[in-house]
Amino acid sequence: MKGRKPSLRRSMKPLLHTLAVMAGRRLWLGGALLAALTVLMGMALLGLSGWFIAATALAGLVPATALMFDVFMPSAGIRLLALGRSGARYAERLVTHDATLAVLAALREKLFRHWSRPQAARLLLLRPARLLQRLTADVDALDNLYLRLLVPGIAALGAALLAALAFGIMRWWLGLLTLAWLLLAGWGIALWHGLRTRKTAIRRAMALETLRLKSVDLVAGQAELLMTGRLPAQVAAVQACDARAAQADDRLYRAEACAAQAYGLASALTLSAALPAMGWLVEGQRIGVAVAALGILLALSAMEPFAALRRGAAEAGRSWLAVRRLGAAVAADDGPPSAEREKPAGGLAVQLDQLRVAHPGWPEILGPLDLHVREGERIALIGSSGAGKSSLLSVIAGELPAASGRAAALPCCWMTQRTELFRDSLRDNLRLASPDAGDAALWNALEAAGLARDIKALPQGLDTLLGEGGLGLSGGQARRLALARLFLHPSRCWLLDEATEGLDAVTAADVMQRLAQAAQGRTLLLATHWQREARLADRIIWLADGRIARQAQRGTREYELALARLRPDAAD
C-alpha cells in the first residue's frame, strides 16, 4: 500500500486538472451549486411546512390571533420552494449529466489519440480487449468522482450549514455542535464505507475485466479451442470469473446495507438529540412551538443528503483503480507524431545508423544495422520468417523505438500484412488516409487500385456500409481497398508488408502492376517472400537474424540469385 499511494497521488492530480480544463465552470461550479440549492430548498420546504402547520394550529386556538394570522405569505413561500426545488433538481440533473457525458466523451477521444500514437499502437494490437476496457469501463468509473462524490458532498455540506445556521440562531453553541456532528457522522460514515469496500470494489472490477477478456477469447477462438480440446477449460474459466464477480457483488451489497443502517442510526440520533433540545428551548421560552417544529424537521432531514454519498463511497475503489490506470495517459501531451520524427540527411528517405532494437525483457531483435535509402528508391526486404523484416518496417514507420543508434525517416505510410477495415462506410474507410479527400479523389484511388468497377456495381456505392473487419468484401477486394487507401495518403514514402499475401496469382499480378504505376517517384520498401513483389525493387536486401546479410543492385548476378531464393508466382 505504501508504494501505491504516491502513484495514486501523481495520477490523481493531472487527471483532475485535465477533467477540470475539459469541464470548465459549468461542471465544477454550476452542477454542484444546483445540487446544493436543491437540497437546501428541500430542507427549507420541510421546515417551513412544519412551522406553518404548527403555527396555524396554535393560531386557531385563539380567535383574535387566528384573525390576524397571515396564511398567504407562508403558503406562497411553500409553493415557491416546492416549484424551485423541482426546477433546481431538473436543472442540476441536466447540467451535471450533460457536462459529465461531454467530458467523458472528450476523455475517450484523448485516450484513443494517445493509444493510437506510435509505439502505443503496438500495445493496442497485443491486448485490444484490455485497452477497450480502459476506454469504456474505466472511463465510466470516473463519473463517480463527480456525480456521486463531489456533487453529493457539496450538497451535504450545504445541508449541514443550513441546519447549523438554523440552530445557531437559537443558540450559537447549538449550531456549532450541529455542524460538527453532521460533518463528522455524515462524511465519517462515507469514509469508513469507502475504505471498507475499497479492496472488494477493486476485486470486482478486476474480475469483470477478466470475465470480459476470457469471454471475448471464448467467442473469437471457439473453433481453435474446440479443435485443441480446450473449450471446456475456457468455459470453466469464464464461469470462475463470473463467480468471483458475483461474490464481490454480494460483499458490496452487504456493506452498502450496513452503511444504510449506519446513516439511519445517525439520523435517529440526530432527531433524538433535537427533540429534548427543542423542548428545553421551548420550556425556557427562548423559541416558540412552531420554531421548535421547524428545528425538529430540519434535524430529521439533515442527514439525508449525506446518505447520498453511500453509492459513491462503495464505487470509490473502482474509481481509484481507473485513476491509476488512466492518469499517465490522460496527462500525456499528445502533440503531432510527425513533429517527433528525426529527419534524414538531404536526399535520403530513410537513414539508419548503428540501429539496435529490442523489446523490454527480450533479446535484441535488430542490429547493429546500417541502412540508407535514397528518395525515390525501391527496396525489397527478404529473408526467412523472423529475420526482422516487419520489425525493420516498424522502426521506419516510427511504431518501434530504437534502443540505440539513429533512426530517421521521412513521413511514411505503412500497409501492413493485415487489412485494417472498420465497421463504417467505404467512403470513411478510405478517408482514414486523407480526411479532406473528395469523392473524385476517392474514385481515382479506387480506379488506380482496380476496385472502382466493383464499388460502382454496389447499390449504395461509396456509402455502402462494411461489417466488422471489412465484412462484405472478398479478400482480394479488401486488399485492393487497402491499396486505394495507400494511394490516397500524401506521404512520399510507402512501406508494404506482404502486399499480395493470400491473393490468387491473377489478382496479385494486377495489384503489383497498379502499385508500380502509382509508386512512380515515391520511395518504396517492400517486405516480401514473393518474386512478383521483389521484381519492383532497385535493390534487394537480405536480412538474417536482425542484420543485413547481403545486398544486391538490379542488373547484377547477386540480384538474380536473390530473386531465385523467393517463392515464384503460381502463374509462372
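The values are calculated or read from the model by the stated rules, or taken from the named source; none is laboratory data. Keep in mind that this is a model prediction, so the values were computed, not measured. Every residue, glycine as well, gets a Cβ built from its backbone with ideal geometry; the counts of neighbours run over all protein chains shown.
Some points to look at:
- Taking segment 388-422 as the range and being exposed (fewer than 14 other Cβ atoms within 10 Å of the Cβ) and basic (K, R) as the test, the residues that pass are R406, R418.
- For P118: the one exception among (1) surrounded by 15 or more Cβ atoms within 10 Å (Cβ to Cβ); (2) assigned to a helix (DSSP H, G or I); (3) at pLDDT below 75: (2)
- Those helices (runs of 4 or more DSSP H) of segment 447-564 in which at least 2 residues are crowded, with 19+ Cβ neighbours inside 10 Å and among the small types (G, A, S), considering only elements entirely within it, cover 475-488.
- Segment 234-336 holds helices (runs of 4 or more DSSP H) entirely within its bounds, and those carrying 2 or more residues that are under 22 Å from A207 (Cα atoms) map to 309-314, 316-331.
- Just one of the numbered conditions (1) within 21 Å of Q351 (Cβ to Cβ); (2) touching a helix residue (DSSP H, G or I) at 6+ places or on another chain (Cβ under 6 Å); (3) modelled with pLDDT under 90 is not true of L495: (3).
- Filter pass, A156 being buried (at least 17 other Cβ atoms within 10 Å of the Cβ), assigned by TED's automatic domain parsing to the domain that holds L46 and either out of contact with any Pro (no Cβ under 7 Å at 6 or more places or on another chain) or acidic (D, E) (or both): no
- Annotation for segment 443-451: no member residue is touching a Ser or Thr at 6+ places or on another chain (Cβ under 6 Å) and modelled with pLDDT under 90.
- Positions within segment 252-290 being under 16 Å from G47 (Cα atoms) and more than 52 Å from the chain's Cα centre (by Cα), in sequence order: M278, I287, G288, V289, A290
- For M22, the conditions (1) modelled with pLDDT under 75; (2) within 30 Å of L326 (Cβ to Cβ); (3) surrounded by fewer than 16 Cβ atoms within 10 Å (Cβ to Cβ) all hold with the exception of (3).
- Once segment 458-471 is narrowed to residues that are of a type in the set (G, A, S) and more than 22 Å from A508 (Cβ to Cβ), the residue that is modelled with the lowest pLDDT is G467.
- Of all the criteria given as (1) within 24 Å of R479 (Cβ to Cβ); (2) touching a residue at least 24 places away in the same chain (Cβ under 8 Å), the one not satisfied by D545 is (1).
- Inter-residue pairs, beta-carbon under 6 Å, first assigned by TED's automatic domain parsing to the domain that holds G295 and in segment 36-50, second among the hydroxyl-bearing types (S, T, Y) and buried (at least 21 other Cβ atoms within 10 Å of the Cβ), 6+ apart: M43/S301; L46/S301
- Lone unmet requirement of (1) assigned to a loop (DSSP other than H, G, I, E, B); (2) in contact (Cβ under 8 Å) with a residue 24 or more places away in the chain for D436: (2)
- Complete set of residues in segment 207-216 that are surrounded by fewer than 18 Cβ atoms within 10 Å (Cβ to Cβ) and free of Cβ contacts under 8 Å to residues at least 40 places away in the same chain: S215
- Subset of segment 532-553 [closer than 17 Å to H372 by Cβ and not small (G, A, S)]: D538, R539, I540, I541, W542, L543, R547, I548, R550, Q551, Q553
- Within segment 178-201, the set of residues being farther than 25 Å from G31 by Cα and surrounded by fewer than 16 Cβ atoms within 10 Å (Cβ to Cβ) comprises A180, W192, L195, K199.
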